[in-house]
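A.B. asks: Encoded as structure tokens, here's the structure I'll be asking about.
The values are calculated or read from the model by the stated rules, or taken from the named source; none is laboratory data. The structure presented is a predicted model; accordingly, all values stated were derived computationally and were not measured. Glycine gets a Cβ as well: all are built from the backbone with ideal geometry, and neighbour counts include every protein chain shown.
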Amino acid sequence: MIVSPIRLPHPRIALYSHDTMGLGHIRRNQLIAMALAAPPLNATVLLITGVREGGAFPMPQGIDSVVLPAYRKDADGGYSSRSLNIGIDQLTRFRADLIDLALKRFQPDLFIADNVPGGALDELLPALERMRRDGNTHCVLGLRDILDDPETIRREWERRRNFSTLSRLYDAIWVYGDPSVYPTADIYDFPEELKAITSYTGYLDPFRSSASRLPAQSGDVDARKTVLCSVGGGQDGFALACHFAAAPLPAHMRGLIVTGPLMPGENREALLRMIAPRGDMELVEGVCDLVPLLGRADRVVAMAGYNTANEILASGLPALFVPRSTPRTEQLIRARRLEELALATCLPDAQASSDAIGRWLALPTARPNARASIDFGGLDAIVAWAGEITSGRVCEHTALPPLQLASVGLA
């Protein structure tokens with residue numbers, strides 16, 4: 001059958017995140033998607049995500065998503081099915097088929113995978129290999145700057161053949177960071193051929209768009225200073241929230257605990273019981289986006305995931321980071337590095353307590369100026385590079401024949 005090309009005015013860009021732990025990957029991809037869909041690029045963006053809670057973030061025209069059946073990351077770092085009563089092998093094949101079908105129908109000019117070259121459990125490999133054979137899609141791996149301790153990453157990447165996958169199936173590696181803070185390619189011993197295709201975008205500024213700028217302080221009659229406690233998505237933040245809920249606050253302060261949408265209901269109820277007798281503590285449930293709340297805060301106590309730390313640094317608020325140290329040490333490495341740069345205070349989770357948090361709150365703190373020493377131009381760089389890549393590819397999307405459901409086992 002002869003098909004004619006469809007001429008379209010917008011580049012097509014697809015972003016993938018496996019989303020097995022928290023909301024960090026999808027939050028990062030959504031921030032990138034909003035920049036790509038806005039002028040001057042005006043791209044049409046498809047998000048492929050493994051977490052349905054990602055739909056809680058409002059997305060503008062030009063962006064839509066495919067939500068995969070979810071994995072759950074277990075305490076030992078392994079995977080299981082989060083909701084469906086099926087085995088992990090069947091779930092992986094199911095997700096791999098959905099990913100490949102979505103990308104085949106969407107025909108992206110640019111594909112950006114977050115963090116895992118082959119996808120979780122290698123679920124991306126069939127789609128990557130097909131796109132490489134077709135030759136119509138520029139494939140990029142997007143990496144947060146800190147992955148885990150170097151020796152663990154070297155062993156893990158060798159075992160998963162990540163360097164080979166990158167050499168065979170990717171055109172570029174974009175590190176969402178500043179090499180003066182963490183030179184990712186050097187620390188993780190990238191081979192020279194991969195260092196040659198690695199670029200540092202700078203950190204992703206969450207306040208770049210007008211919709212995400214810090215709101216003005218509200219006209220709240222309570223004159224006390226607000227201390228925000230953020231536990232990211234909330235899936236693994238209950239211990240920190242409990243420490244904060246029992247922490248002694250100076251008389252001129254009040255606490256606001258943000259639980260995140262992934263915190264189990266029984267944990268939220270336990271926190272509400274803990275703070276019920278207090279007149280200086282509140283709880284906000286299910287918040288996905290920390291940015292609006294930062295405008296009401298004077299200090300922040302938080303975990304140290306990439307997105308949470310990035311938002312807090314960009315806001316200029318004094319921060320006490322209480323990083324988790326399992327199943328990865330990424331957060332601990334990040335918090336210690338930021339403390340070395342005098343941009344935050346690090347309290348390792350093994351040393352965390354209500355009293356330790358209270359002591360930090362009682363100390364005078366100055367507002368750090370991370371923007372003076374760190375590159376936050378990541379979104380601008382991504383938009384510029386995506387424009388260069390897609391300018392020679394856009395407008396030749398082939399109309400495919402009607403989908404045959406039986407061919408993907410769904411009839």
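A.B. asks: For a quick check of your reading: which helices (runs of 4 or more DSSP H) sit entirely within segment 120-206 and have at least 3 residues that are touching a residue at least 60 places away in the same chain (Cβ under 8 Å), closer than 22 Å to Leu68 by Cβ and in the same structural domain as Tyr306 (by TED's automatic domain parsing)?
C.D. replies: Hits in segment 120-206: none.
A.B. asks: Another one. Which numbered condition trips up Leu249, out of (1) assigned to a helix (DSSP H, G or I); (2) touching a helix residue (DSSP H, G or I) at 6+ places or on another chain (Cβ under 8 Å)?
C.D. replies: Looking at each condition in turn, Leu249 falls short on (1).
A.B. asks: Hey, another quick one. Exactly one of these conditions fails for Glu285: (1) surrounded by fewer than 24 Cβ atoms within 10 Å (Cβ to Cβ); (2) within 23 Å of His252 (Cα to Cα). Give me its number.
C.D. replies: Glu285 satisfies every listed condition except (2).
A.B. asks: In addition: Working only within segment 63-89, note down all residues that are surrounded by fewer than 17 Cβ atoms within 10 Å (Cβ to Cβ), modelled with pLDDT of 80 or more and more than 20 Å from the chain's Cα centre (by Cα).
C.D. replies: Ser80, Ser83, Leu84, Asn85, Ile86, Gly87, Ile88, Asp89, listed by residue number.
A.B. asks: Going residue by residue through segment 141-160, is there one that turns out to be of a type in the set (Ser, Thr, Tyr) and modelled with pLDDT of 95 or more?
C.D. replies: yes
A.B. asks: Let me ask something else. Among the residues of segment 162-174, how many are among the basic types (Lys, Arg) and either surrounded by 15 or more Cβ atoms within 10 Å (Cβ to Cβ) or closer than 28 Å to Gly377 by Cβ (or both)?
C.D. replies: The number of residues fulfilling the criteria is 0.
A.B. asks: Okay, next question. Restricting to helices (runs of 4 or more DSSP H) lying wholly in segment 260-328: which have 2 or more residues that are within 28 Å of Phe376 (Cα to Cα) and at pLDDT below 95?
C.D. replies: Because the criterion is at least 2 residues that are within 28 Å of Phe376 (Cα to Cα) and at pLDDT below 95, the helices (runs of 4 or more DSSP H) in segment 260-328 that meet it are 291-294, 306-315.
A.B. asks: Determine the pairs where a residue that is assigned to a helix (DSSP H, G or I), located within segment 353-370, has a partner that is of a type in the set (Lys, Arg) with Cβ atoms under 8 Å apart, the partner being 6 or more residues away or on another chain.
C.D. replies: Qualifying pairs under 8 Å: Leu361/Arg299.
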